[in-house]
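Below is one structure; the comments refer to it alone.
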Amino acid sequence: MIKIISGNKRSDHPDEIDEMHQLRHRVFHELLQWDVNVEGDWEIDEYDEMNPVYVLSYDGNGRLRGSLRLLPTLGPNMLDDTFPVLLGEKPVIRSAAVWESSRFCIEPDISQDRASNQVTIAAAELMCGVGELAIASGLTHIVTVTDVFLERMFKRMGCPGERIGPPQRIGSVNAVAIAWAVEDALLDRMKQVAAIEGEIIGAALKLEDARAA
């Protein structure tokens, strides 16, 4: 199950927001040991103050199993403003038709279970949710900053995308910027790989409407 939360409504969803930041802390700070901002048992940064759209994935028991964050590239975002080196020789991306996905993470207890396909379902559900939001919003591309490990996972999910620039060593991570063209065929392929039927979000939802809700 997917839940969409507007950043400007964080206070209306304290439990979900708390779980999400704790998950990000476990993944990015504890597991991956990235150089991220930590406040108590939360991982949180300045982009969480920019009214993002949060996409949260829950299992059948209501347990949070994954999350990501979406921001328009017309405003501050990680690729253009924190990691422009990953653009290579490409110009900064500022377009109403391009949004950035960031802080993609899956619950470690699930992602380490190599015997099941739960990680595929959780990851694909998040990505398919983004695809549905992007198509409804008329976007042309989704961009992200990730590492080469997650890049390989995206390929296995049927959504390899294209590198914007060459990988760069950032701290302990081989980081790369990826762009996905927003297409019905890509969304259909991801759903087929993960054996997901029907719509993820339900009624068509535009990202700007989600931010204003």
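For residues that are without any contact (Cβ under 8 Å) to a residue 40 or more places away in the chain and either among the small types (Gly, Ala, Ser) or in a loop (DSSP other than H, G, I, E, B) (or both), scanning just the stretch 130-164, find the one that is surrounded by the fewest Cβ atoms within 10 Å (Cβ to Cβ).
Per the criteria, the residue is PRO160.
Please go through the stretch 191-213 and give me each residue that is among the hydrophobic types (A, V, I, L, M, F, W, C) and at pLDDT below 90, ordered by number.
Selection gives VAL193, ALA194, ALA195, ILE196, ALA203, ALA204, ALA213.
Does any residue in the stretch 38-50 that is within 20 Å of ASN77 (Cβ to Cβ) come within less than 7 Å, Cβ to Cβ, of a residue that is among the small types (Gly, Ala, Ser) and assigned to a loop (DSSP other than H, G, I, E, B) six or more places away or on a different chain, and which pairs are these?
Close Cβ pairs (under 7 Å, with a partner that is among the small types (Gly, Ala, Ser) and assigned to a loop (DSSP other than H, G, I, E, B)) amount to MET50/GLY75.
Those residues that are in a helix (DSSP H, G or I) and among the β-branched types (Val, Ile, Thr), I need them from the stretch 185-213; list them, please.
VAL193
Would the stretch 165-184 turn up any residue that is within 21 Å of GLY60 (Cα to Cα), touching a residue at least 24 places away in the same chain (Cβ under 8 Å) and either of a type in the set (A, V, I, L, M) or not in a loop (DSSP other than H, G, I, E, B) (or both)?
no
The values are calculated or read from the model by the stated rules, or taken from the named source; none is laboratory data. Since the model is a prediction, treat every value here as computed from it, not as a measurement. In this analysis, Cβ positions are derived from the backbone assuming ideal geometry, glycine residues included, and neighbour counts consider all displayed protein chains.
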